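Read the structure below first, then the notes.
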Amino acid sequence: MPVVTAIYVLANVAYFAVVPIKEFLSSDTTGLLFGNKMFGIMAWIIPVSVSLSCFGSVNGLLFTSGRLFFVGARRGDLPVLVSMIHVKNHTPSPSLLFTCLTSLIILCVKDVFALISFFSFGMWLWVAVSITGMMYLRWKKPELKRPFKLPLVVPVIFTLCCIFIVVLSFVEAPEHSGYGLLINALGIPVYLLFIYRKNRPKTYIDFMEKATISLQKLMFVVAQETLVGEEETRKQLMSDDRQNQVLESEIENT
């Protein structure tokens with residue numbers, strides 16, 4: 001982490017040292033401008049390096065976002081199928097496919113800059129909320145086990161930076177940021193209807209069970225073993241044992 005931070009800081013220092021302020025403010029491709037001034041015919045190194053960096057970031061996001069859905073489903077915030085893993089590979093393939101489908105839907109937006117604006121707004125907003133929640137728990141429940149712990153000043157500064165990005169995004173692009181806020185707000189009625197509400201119609205429960213079992217057979221996935229101390233999660237998952245037995249019998253028959 002310190003090495004990555006130092007590289008980013010030094011890169012920005014290099015930009016300011018080489019590129020004049022007027023050119024810096026008027027250009028949308030600061031890295032390419034820096035490369036042209038420093039490397040001449042070898043300026044192509046900069047866009048190639050940026051592409052590799054973006055590829056690495058996207059690769060990391062694919063793994064982390066899929067597992068976020070996986071954990072959310074284990075807590076009952078998403079359909080139980082998303083919390084299952086592949087029988088042989090032990091990977092959360094349903095959550096990765098769910099990530100793929102939602103990503104394809106988002107990519108239907110034609111204006112890529114608008115997409116970046118409202119996606120960034122929502123992402124940094126919830127990052128700030130998450131870090132604030134962690135600091136609240138650190139204050140209210142200091143006895144909880146924390147394998148990784150930082151000085152309090154670090155999350156405070158990080159949260160302030162996130163808030164600054166959110167406010168700046170709303171000031172610079174209020175329409176796109178408003179779309180992002182609206183998309184996040186749509187999650188509230190969905191949560192109230194399908195997650196918070198406990199007395200769901202029997203027709204809905206039967207349909208979800210049948211759909212889950214059918215998709216289990218298709219995707220060759222089962223529920224993960226319940227971890228010690230996760231009784232609430234176990235209660236929220238719907239009839240996992242029965243679903244696993246059905247799938248195991250299907251596998252034995254084949």
Query raised in the report: Which residues, taken from the stretch 183-211, are open to solvent by 100 Å² or more (accessible area, probe 1.4 Å) and not in a loop (DSSP other than H, G, I, E, B)?
Result: Ile188, Tyr191, Tyr196, Lys202, Thr203, Phe207, Lys210
Requested in this report: Starting from residues that are within 21 Å of Cys54 (Cβ to Cβ) and assigned to a loop (DSSP other than H, G, I, E, B), keep the ones in the stretch 109-148 and report whichever is least open to solvent (accessible area, probe 1.4 Å).
Outcome: Val109
Requested in this report: Could you pull out the residue among Leu101, Leu78, Leu61 that is of a type in the set (A, V, I, L, M), closer than 30 Å to Val171 by Cα and either modelled with pLDDT under 80 or within 17 Å of the chain's Cα centre (by Cα) (or both)?
Outcome: Leu61
Report task. Name the helices (runs of 4 or more DSSP H) wholly inside the stretch 1-83 in which the number of residues that are of a type in the set (D, E, K, R) and either touching a residue at least 24 places away in the same chain (Cβ under 8 Å) or touching a strand residue (DSSP E or B) at 6+ places or on another chain (Cβ under 9 Å) (or both) is 2 or more. Result -> 45-74
Query raised in the report: Does Val50 qualify as being of a type in the set (Val, Ile, Thr), surrounded by 13 or more Cβ atoms within 10 Å (Cβ to Cβ) and in contact with a Phe, Trp or Tyr (Cβ under 6 Å, 6 or more places away or on another chain)?
Result: no
Query - Selection from the stretch 176-204 of residues that are β-branched (Val, Ile, Thr) and over 23 Å from Pro92 (Cα atoms) - result: Ile183, Ile188, Val190, Thr203
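The values are calculated or read from the model by the stated rules, or taken from the named source; none is laboratory data. Only a predicted model underlies this, so the values are computations on that prediction, with no experimental measurement involved. Because the Cβ atoms are built from the backbone with ideal geometry, glycine has one as well, and the counts that use them run over all protein chains shown. Protein only, heavy atoms only, side chains kept; ligands, DNA and RNA dropped before computing areas. Shrake-Rupley method; radii C 1.70, N 1.55, O 1.52, S 1.80 Å.
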